[in-house]
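The values are calculated or read from the model by the stated rules, or taken from the named source; none is laboratory data. The structure presented is a predicted model; accordingly, all values stated were derived computationally and were not measured. Here the Cβ positions follow ideal geometry from the backbone for every residue, glycine too, while neighbour counts run over all protein chains shown. Side chains included, ligands, DNA and RNA excluded: accessible areas come from the protein's heavy atoms. Shrake-Rupley method; radii C 1.70, N 1.55, O 1.52, S 1.80 Å.
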Amino acid sequence: MSLHHQLLIITRPIQKVVRQIGCKLGLVNPNRLRVLLYHDIPINEEDSFYNQLVWLQKDWNIVTPLQFEEMISGKAPIEGNNLLITFDDGLASNRVIAEKILNPMGIKAIFFVVSEFIKIKNHIEARNFVSKYIIPESNINDIPGHWRNMQWIDLSALLSQGHTIGYHTKMHKRLSECISESELEEEIVLGAKEIALKLDIEVKHFAYTFGDIDSFSKDALLLANSQFSFVYSGLRGNNEGNTSSMAIRRDSAASQLLNNEYVLFNNKLLDACLDGFVDFRYISSKKKLDSWVKKSWNE
């Protein structure tokens, strides 16, 4: 665990008092709409994931994708603590988690998938895809052995269970590195249309890859704005207030180790993140993203 994560955990009691005082003085917004970002949940983390959701439900209203759409669009009020659950990349453990944990708890999530990754039917090919695109320039031997891709049948099952399928590009490319309009079109538009046609759904939700501001661009946002109703980043923050549906903030809920395994944050660390005590690190990135949104409205 990093030093700043340890400090966040140690100072939790102080943070809670600071937030309470801030809310009473009107300096901190008491109403929150935040989004949690998960990837793979390995077998050895399933109990921790379940316990984390149980713990979250004590203070947070875990909303459905439809409820989130209404809130972020201003059609429904944001009152109290509201939290949406999302998963990126379309790893096979996502369906397992949905059926073993989310469904019995009545929780609906958005699963952002990579259209070319869905089509792979061979385990080795799937691991090769991960090492080349999802974790670029990594060695296939560094990819966790249990990582597989969800396929069309898995996505259909999730839809039948009431979950939502979102789009996470065609090849998991870093959109800021796409050098032509046609390449952006292929990554952002064509794969989404294929998913919509194959699953007979409207794909309204898009999460750009890698999540940081340097992995996105104004041109990519402009194109995404023409295709989707909701665009998600990996920048931490509260979505209550003036946050655009084209610049949704998300909080990562896990750390990725050197062997690429994901390990869930402990509850105190996640609590600190959701209380906004890490948001300051993303201020400049969020300002830049919001400026792109304003420019896209004017163009």
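Close contacts from region 69-86, counting a first residue that is assigned to a loop (DSSP other than H, G, I, E, B) and a second that is of a type in the set (A, V, I, L, M) and surrounded by 13 or more Cβ atoms within 10 Å (Cβ to Cβ), with Cβ to Cβ under 8 Å and a gap of 6+ residues or different chains, come to Pro77/Met71; Ile78/Leu33; Ile78/Met71. Among the criteria (1) open to solvent by less than 50 Å² (accessible area, probe 1.4 Å); (2) closer than 26 Å to Ile124 by Cβ; (3) among the hydroxyl-bearing types (Ser, Thr, Tyr), the one Ser156 does not fulfil is (1). Among the residues here, Ala220 qualifies as outside any loop (DSSP other than H, G, I, E, B), small (Gly, Ala, Ser) and in contact (Cβ under 8 Å) with a residue 24 or more places away in the chain. For residues that are open to solvent by 10 Å² or more (accessible area, probe 1.4 Å) and touching a helix residue (DSSP H, G or I) at 6+ places or on another chain (Cβ under 8 Å), tally how many sit in region 178-189. Total satisfying the criteria: 4. Residue pairs whose Cβ atoms lie under 7 Å apart, separated by 6 or more positions or on different chains, with the first residue in region 131-151 and of a type in the set (Lys, Arg) and the second at pLDDT 95 or above and part of a loop (DSSP other than H, G, I, E, B), are Arg148/Ala92. Scanning region 55-106 for residues that are open to solvent by 50 Å² or more (accessible area, probe 1.4 Å) and under 19 Å from Asp271 (Cβ atoms) yields a count of 5. Only one of these conditions is not met by Ser138: (1) at pLDDT 95 or above; (2) assigned to a loop (DSSP other than H, G, I, E, B). Which number is it? All conditions are met except number (1). Answer yes if at least one residue in region 113-123 is closer than 22 Å to Glu202 by Cβ, open to solvent by 10 Å² or more (accessible area, probe 1.4 Å) and in contact with a Gly (Cβ under 9 Å, 6 or more places away or on another chain), and no otherwise. For region 113-123, residues closer than 22 Å to Glu202 by Cβ, open to solvent by 10 Å² or more (accessible area, probe 1.4 Å) and in contact with a Gly (Cβ under 9 Å, 6 or more places away or on another chain): present.
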